[in-house]
Amino acid sequence: MPKILDSLRGAATEAGGALLGRLQHARLPGVGQSSVTDDPDTAARRWRAVTVLCSPERIGTGADLPAPLAALGDRLEVRITPAPGDKGTELAARFRDRPSDDDLGRLRAALREAKQLIEVGEVLRVDPVPHGVREPTPQGAALEGMTAAAGKEGVL
Amino acid sequence: MRAATWTGVNEVSVETVPDPQILNEHDVILRVRRTTTCGSDLHLLGGYIPFMRAGDVLGHEFLGEVVEVGRGVRERKVGDRVVVNSFVACGTCWYCRQELYSLCDNGNPDPGITEALWGQSPGGCFGYSHAMGGWAGSHAEYIRVPYADVGAFVVPDGVSDERALFASDAVSTGWMGADMGGTRPGDTVAVWGAGGVGQMAARAAMLLGAEKVFVVDRLPERLAQVRTHVGAETIDYSQTDVLAELREQTGGRGPDVCIEAVGMEAHSPGVHGVYDQVKQQLRLQTDRPSAVREAILACRKGGTVFVLGVFGGMVDKYPLGAAMNKGLTVRGAQVHGQRYTPRILERMARGELTTEHLATHTMSLEEAPRGYRMFKDKTDGCVRAVFTPNG
Ligand SMILES: NC(=O)c1ccc[n+]([C@@H]2O[C@H](COP(=O)([O-])OP(=O)(O)OC[C@H]3O[C@@H](n4cnc5c(N)ncnc54)[C@H](O)[C@@H]3O)[C@@H](O)[C@H]2O)c1
Ligand SMILES: [Zn+2]
Ligand SMILES: [Zn+2]
């Protein structure tokens, strides 16, 4: 079981959520969670996509892709299609080979960063954020781990 | 700098924390002049939104003076007195272009948590946990404001800090409920909750032309404020059968627009209240929805229920049958503040929208723990505690 899932459970139970584990078809931050009923091979082959408010040409191809995607190189297949209803361009990617959990996390982060680079010109940063004393509690540590990973997690 | 932080369930402390710095080109740093408690903070404080880390700086409704600007900032400059919206929005994504600012795709740097909870991630919010971006809050001497050209509005000279402060969140939220609830001239509007948000929803409904506006609550001092400062009628739900009263007052039709401004910790006097509380404590449901239920049952056929109160997860005994068979529109949203703030500031400048009465208790930042206690327990008539971090 991915570690983040344990952490999440810990945090949620401790402070009062515990809802996550109760959701039918729970989609928890974690590997391959874009689909919970697919078998792992099918899940790994799914296109992961963001919609970017720009024209298809703006996205580029190959080495001209936004840097975070270009960095993943030839391992990626990329699909660029206009989004219906003037919603911009659908930017989708998947690995040609069978990706590891880390690979999928990197791809999620790369897609999100690519979108931000095009839409706002830079990647939003939150750290270092001003904060008070952080006691090393298990719940706090879990949440920290979860936050640190959050750019690479989610259902994307 | 000094800042008020969350240090555990129902614990607030004032600590010395590092100063914020500019990290993105569109950031500004603000010297905070006024910052206030919001009902949403209570859900965080109580641990109902379990993504707070001890030491996180609280606060998302604030006003201050720009002291530093990033290279990419075009319209704000050092010295500007600005009120800032609670949600962080980029202004350029598809959602921002539709003026759905709280849904901004680029306002939450940690979208994984809310995606997992809700399927898609809404935007980020200052001082509102790691689920909403992990942004430091405004109960501090200084705060970093990203996308400042989009979310920080210059306050017109004639409008005082005391009044403009609430354009940040309470007024814009109330205005959104009345506007997106579809209030039209001649309508009857009912609002549940007489906190800052509910009062401002009622005021907005009146300014949008509603003919009759009712506010439902049980706290006498808040209901008195509604009558005196807002000019709406009141219903005390601890004394009156709300559904019967609204039916009688509306010729049997029910209100055209029902606005819920209570949220996940709603209080309920009857059997339902006990049921909800027990289920919430056993974690069988996360939220207590009693005001939402009542709003759905009260609403006229074909009317709209707008949920402004914050909910996090699952509710139970949701009257879907009433919603479906009466042909209701049920909507909700976190505040699209950037959409409403300019017109709110204009109305404030013209004296049509006054908010000073909400600030029942103004105090130094060092007194934030006391302020939160009063606000949470609703003691001494507290409606909003306002902190002045820079004196
Ligand atoms: N949508 C948004 O963007 C947004 C913005 C700000 C606040 N909020 C939410 O709006 C809600 C209200 O905020 P606030 O700052 O006014 O809070 P508040 O705590 O000051 O006021 C809540 C009021 O609801 C009353 N109440 C409780 N149970 C009730 C019931 N069953 N029927 C009628 N009234 C009842 C309480 O007595 C209290 O006066 C909160 O849930 C808050 O999280 C949402
Ligand atoms: Zn708020
Ligand atoms: Zn946006």
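Throughout, read-outs are computed from the coordinates displayed, never taken from laboratory work. All figures in this text were calculated on a predicted structure; none of them were measured in a lab. Every residue, glycine as well, gets a Cβ built from its backbone with ideal geometry; the counts of neighbours run over all protein chains shown.
The relative contact order of the range B:156-273, computed from alpha carbon pairs under 8 Å that lie at least 6 residues apart in sequence, is 27 percent. In this Cβ point-charge picture (+1 for Lys and Arg, -1 for Asp and Glu), the range B:187-263 has a dipole of about 140 debye about its Cα centre. Between the listed residues B:A295, B:M52, A:A142, the Cα displaced farthest toward the positive end of the dipole of the protein assembly as shown, a dipole computed from Cβ unit charges relative to the Cα centre, is found at B:A295.
The alpha-carbon atoms of the range B:1-159, seen along their principal axes, cover 39, 37, 29 angstrom, with the largest extent given first.
Phi angles across the range B:141-157 convert, under the Karplus curve 6.51 cos²θ - 1.76 cosθ + 1.60 with θ = phi - 60°, into 3J(HN,Hα) values of 5, 9, 9, 8, 10, x, 6, 5, 5, 8, x, 10, 10, 5, 7, x, 3 Hz, Gly and Pro given as x.
As a proxy for reagent exposure, B:I22, B:I259 were ordered by neighbouring Cβ count within 10 angstrom, fewest first; the result is B:I22, B:I259. Rounded if a/c is under 1.5, else prolate if a/b beats b/c, else oblate: with a ≥ b ≥ c from the C-alpha gyration tensor eigenvalues square-rooted, which is the range A:45-156? It is prolate, given that a/c is not under 1.5 and a/b is the larger ratio. Taking chain B as a Gaussian network of alpha-carbon nodes connected by springs under 10 Å, the highest mean-square fluctuation of the residues B:V73, B:V330, B:V278 belongs to B:V278.
Backbone phi angles across the range B:270-280, fed through the Karplus curve with coefficients 6.51, -1.76 and 1.60 (θ = phi - 60°), yield HN-Hα couplings of x, 4, 4, x, 5, 4, 5, 5, 4, 4, 5 Hz in residue order; Gly and Pro are listed as x. Distance from the alpha carbon centroid of the range B:142-164 to that of the range A:69-148 works out to 31 angstrom. Each of B:Q280, B:G270, B:L223 was scored by the projection of its Cα onto the charge dipole of chain B, and the greatest displacement toward the positive side belongs to B:G270; charges sit on the C-beta of Lys, Arg, Asp and Glu. Using only side-chain charges placed at the Cβ, +1 for Lys and Arg and -1 for Asp and Glu, the dipole size of the range A:39-122 relative to its Cα centre rounds to 160 debye.
The mean sequence distance of close C-alpha pairs (under 8 Å, at least 6 residues apart), as a share of the length of chain B, puts its relative contact order at 18 percent.
Loop-located GluC sites (Glu not before Pro) in the range B:1-41 (DSSP state not H, G, I, E or B) with no more than 16 neighbouring Cβ atoms inside 10 Å: B:E25. Extending 7 Å from Cα along the Cβ direction at B:N10 and again at B:T362 yields two label points whose distance is 3.0 nm. Per-residue shielding of B:18-28, expressed as the average number of other chain Cβ atoms within 10 Å of the residue Cβ, stands at 3.
Restricting the GluC sites (Glu not before Pro) of the range B:185-270 to loop positions (DSSP other than H, G, I, E, B) with no more than 13 neighbouring Cβ atoms within 10 Å leaves B:E211. When shorter helices are ignored and each DSSP H run of at least 4 residues is given -39500 (n - 2.57), the per-residue value for chain B at 222 nm works out to -7500 deg cm²/dmol.
Peptide A:133-144 shows a mean partner chain C-beta count of 4 within 10 Å per residue C-beta. Each Lys and Arg Cβ is given +1 and each Asp and Glu Cβ -1; about its Cα centre, chain B then shows a dipole of about 680 debye. Per-residue shielding of B:120-133, expressed as the average number of other chain Cβ atoms within 10 Å of the residue Cβ, stands at 2.
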